[in-house]
Amino acid sequence: MEDVICVSDYNKKVLETMNIEGIKIFDTTLRDGEQTPGVAFSIEEKVKMAESLDLLGVDAIEAGFPITSAGEKEAIKKICDMGLKAKICGLARSNKKDIDVALDCNVDRVHTFIATSPLHREFKLKMSKEEIMARAIEGVEYAKDHGVEVEFSCEDATRTELEYLKEMHRAVRDVGVDYINVPDTVGTIMPKAMRYLIKELVNDINVPISIHCHNDFGLAVANSLAAVESGAKQIHCTINGLGERAGNASLEEIVMSLMALYGVRVSLDTTRLTYISKLVSRISGVVVQPNKAIVGENAFAHESGIHVHGVLSKAFCYEPLTPKLVGKESEIVVGKHTGLHAVEKKLRDFGIGLTRDQILEIVEDIKLIREGGKKITDEDLIAIAAGYVGKVPDEEKEVKLEEMSIISGLRITPTATAILNINGTKKVGSNIGNGAVDAALNALKSIVPEKITLEEYRLEAITGGSDALCQVSVKMANEAGIKALGKSVGPDIVMTSVNAAIEAINKLRKINKEGKTQ
Ligand code: KIV
Ligand code: ZN
């Protein structure tokens, strides 16, 4: 692991006092994940995700809540028939009807639950502690009698009185429960309190404790790991952290934290994490935020000059683990914070060799374009770089644009005024045209002393969208019939056309001077 993970050595100091091993991953994407507002999976979608979760290597898949609908039941049944390695679990309230439907699907495990907190007892169930306990016992006993594994949850456990919670757990232990899950149903506990609670529960009974955390305060992963630190042996989680309200603990964050930070041997094929995250995002319609840990688009992307320089010389400088471990690649993004190294590396990868000065000019172009709000894709970068191939160097340019103003609109003759610096002398000129580009190019032509004609004009959008960068190529000729091509790339059609024309004018002058033809 040394060569693929590089994390803080302080972790080792605290791990010495913990005994974390044999942690089981219980995936509930198909059940709690489906309870994400606005999300509903079809039978085929559930089957596809179950197959992928099994290939990923999770220990258990909560395939759904079978009593919910006939379609839900059919999906769970199909998943049970797939012969997957993972244990297939179905959720059921603590009553025979729910449990029967789950058993009918042929699940390996029934997960029964009933709420136990004072709030739920009084306002939701309107039941006494004793009635709730009787129901819980009856449910677990009934499911156990049918030969399946049984997991039991006190819903809203983290807001339930500790003594009552322990009594509930002892009661279901006495009728043979296999796992006791502790739901932080509304995500209201903090990690230190979670450590305390789980220690109390683990020390009280000899049944594996599982943890189920919601993310209402963004602490679902931290709380799940805190529970593991205190002896929990199973973690409920979902792909991309889907789930009720703010979601559940994210599987990819849990698994990679266990592996990288806690040094736990994880039997999952972590290289599948990015794929499954994309699959679940596409099926659920819930977009993964770019800065999401582990699987987000930016999780291994670098833009700022300092970071790119660091990553290029040693990836661990700014990456705690090798992205391949989670099925990703490092990415260098060009933008406002880009430096020379990033552009140089990217262009080298594309097989484009330019001088250091040209690359520095490209870096400036990128910053200007990015500040204008346009994201720069690889295609954009290639086009920008192509514009520099054969370009007249700045110090050799005889004609430079100082100012340009264009008036255009409805029922107005497009008019442009330009100020050019020609060999150190400023010259002004105005002209009209058929449109803004025509007026701008005519203004340029009216200022330069030589007679220049526009032979060809080509405009292309590099990528899709109304904010795509455009690429303009202009072919211009002088009186001697010498022709030169000017190219430019930018976000604005008129100014990009002007820059291309200025480039062509400078080339014409250079060729004229050197007595060459092109
Ligand atoms: O959050 C919760 O309490 C649940 C239970 C059904 C386990 O999802
Ligand atoms: Zn839940």
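Computed from the coordinates by the stated procedures, all read-outs in this text should not be read as laboratory data. Bear in mind that the values here come from a model prediction, so they are computed numbers and not experimental data. Every residue, glycine among them, receives a Cβ derived from its backbone with ideal geometry; neighbour counts consider all protein chains shown.
Neighbour counts of other C-beta atoms within 10 Å: give me ASP216, ASP380 arranged from fewest to most.
Working: ASP216 16, ASP380 21.
With the sparsest Cβ surroundings first, the list reads ASP216, ASP380.
Starting from the Cα of LYS129, draw a straight line to each of the lysines and keep only those under 16 Å, dropping any in the same chain fewer than 8 residues away.
The qualifying lysines are LYS166.
If we count other beta carbons within 10 Å of each Cβ, what is the order of VAL343, VAL14, fewest first? Write down the numbers at each step before the final one.
Values: VAL343 26, VAL14 10.
Listing VAL343, VAL14 from fewest to most nearby Cβ atoms yields VAL14, VAL343.
Taking the Kirkwood radius as the inverse of the mean 1/r across Cα pairs, report the Rg/Rh of the chain. Intermediate results must be reported in sequence, preceding the final value.
Details: Rg = 32.7 Å, Rh = 27.4 Å.
With Rg and the Kirkwood Rh in hand, the quotient comes to 1.19.
Volume per residue, Å³, of the convex hull around the alpha-carbon atoms of segment 84-131?
On the way: hull volume 4.0 nm³, N = 48.
Taking the convex hull of the Cα positions in segment 84-131, it is 84 Å³ per residue.
Excluding residues on the same chain fewer than 8 positions from LYS324, give the lysines whose Cα lies under 16 Å from its Cα.
Filter leaves LYS278, LYS314.
How large is log10 I(q)/I(0) at q = 0.10, 0.15 Å⁻¹ when the Debye formula is applied to the Cα atoms of segment 394-514, each weighted equally and without solvent?
Here the Debye-derived log intensity ratios amount to -0.29, -0.65.
State which entries of LYS427/LYS451; LYS48/LYS96; LYS78/LYS328; LYS346/LYS367; LYS336/LYS400; LYS73/LYS292 exceed 23 angstrom in Cα-Cα distance in the structure shown. All intermediate terms of the calculation are to be shown ahead of the outcome.
Values: LYS427/LYS451 16 Å; LYS48/LYS96 30 Å; LYS78/LYS328 31 Å; LYS346/LYS367 16 Å; LYS336/LYS400 25 Å; LYS73/LYS292 33 Å.
Flagged as over cut-off: LYS48/LYS96; LYS78/LYS328; LYS336/LYS400; LYS73/LYS292.
Considering only the other residues whose Cβ falls under 13 Å of the Cβ of ARG458, what net charge follows from Lys and Arg at +1 and Asp and Glu at -1?
On the way: positive: LYS475, LYS487; negative: GLU455, GLU456, GLU460.
That sum, taken over residues with Cβ under 13 Å, equals -1.
For a quick check of your reading of the filter: which trypsin sites (Lys or Arg not before Pro) in segment 474-518 sit in a DSSP loop and have no more than 14 other Cβ atoms within 10 Å?
Working: sites: LYS475, LYS483, LYS487, LYS507, ARG509, LYS510, LYS513, LYS516; in loops: LYS516.
Listed in order of number, the matching sites are LYS516.
Report, for the chain, the % of DSSP beta bridges that are antiparallel, rounded to 5. Working shown, then result.
Numbers: 34 of 70 bridges.
DSSP beta bridges in the chain are roughly 50 percent antiparallel.
Give the order of HIS146, HIS214 when sorted by the count of other beta carbons within 10 angstrom, beginning with the fewest. Walk me through the intermediate numbers first.
On the way: HIS146 12, HIS214 26.
Ascending number of Cβ neighbours within 10 Å: HIS146, HIS214.
Please state the Cα pair-distance histogram of segment 20-284 with 10 angstrom bins from zero: what percent is in each bin?
8, 33, 39, 19, 2
Take the alpha carbon atoms of segment 374-390, find their center, do the same for segment 1-78, and report the distance between the two centers in whole angstrom.
Centre-to-centre distance over Cα atoms comes out at 42 Å.
For segment 116-195, count the residues as N, evaluate 2.2 N^0.38 Å, and divide the Cα radius of gyration by that value, please.
On the way: Rg = 12.8 Å, N = 80, 2.2 N^0.38 = 11.6 Å.
Against the compact-globule rule of thumb, the ratio is 1.10.
So for the pair GLU455, GLU161, with labels modelled 7 Å out along Cα→Cβ, what separation do we get in nm?
It works out to 9.4 nm between the two label points.
Rg to Rh for segment 352-413: what is it, with Cα atoms only and Rh by Kirkwood? Walk me through the numbers before you get to the answer.
On the way: Rg = 15.3 Å, Rh = 14.1 Å.
Using Cα coordinates only, the ratio equals 1.08.
Using each residue's phi in segment 411-421, evaluate 6.51 cos²θ - 1.76 cosθ + 1.60 at θ = phi - 60° and report the 3J(HN,Hα) Karplus result to the nearest Hz, with x for Gly and Pro.
Using θ = phi - 60°, the values come out as 6, 8, 6, x, 10, 10, 10, 10, 10, 10, 9 Hz.
Taking LYS397 as the anchor, which aspartates and glutamates have their alpha carbon closer than 17 Å to its alpha carbon, excluding any fewer than eight residues away along the same chain?
ASP357, GLU361, GLU450, GLU503, GLU514
So which GluC sites (Glu not before Pro) in segment 80-163 end up in coil per DSSP with only 14 or fewer other C-beta atoms within 10 Å? Present the calculation step by step, with values, prior to reporting the outcome.
Details: sites: GLU122, GLU130, GLU131, GLU138, GLU141, GLU149, GLU151, GLU155, GLU161, GLU163; in loops: GLU161.
When the GluC sites (Glu not before Pro) of segment 80-163 are filtered for loop state and at most 14 Cβ neighbours within 10 Å, GLU161 remain.
In square nanometres, what is one fourth of the surface area of the convex hull spanned by the alpha carbons of segment 162-223? Could you put the intermediate results ahead of the total?
On the way: hull surface 15.8 nm².
If you wrap the Cα atoms of segment 162-223 in a convex hull and average its projections, you get 4.0 nm².
Hey, rough spin-label estimate for ARG170 and LYS427, points 7 angstrom out along Cα→Cβ, what's it come to in nanometres?
10.0 nm
At 4 °C and 1.567 mPa s, grab the translational diffusion coefficient of segment 301-386 from Stokes-Einstein with a Kirkwood Rh over Cα pairs, rounded to a whole number in µm² per second.
On the way: Rh = 13.3 Å.
D = 98 µm²/s.
Give the percent of DSSP beta bridges with both residues in segment 148-265 that are antiparallel, rounded to the nearest 5. Don't skip to the end; give the middle numbers.
Details: 1 of 13 bridges.
Restricted to segment 148-265, the bridges split so that about 10 percent are antiparallel.
Which helices, counted as full DSSP H runs in the chain, have an axial Cα extent of no less than 30 Å and a Kyte-Doolittle average of 0.0 or above?
Working: long enough: 493-514 (31 Å, 0.10).
TM-like helix candidates: 493-514.
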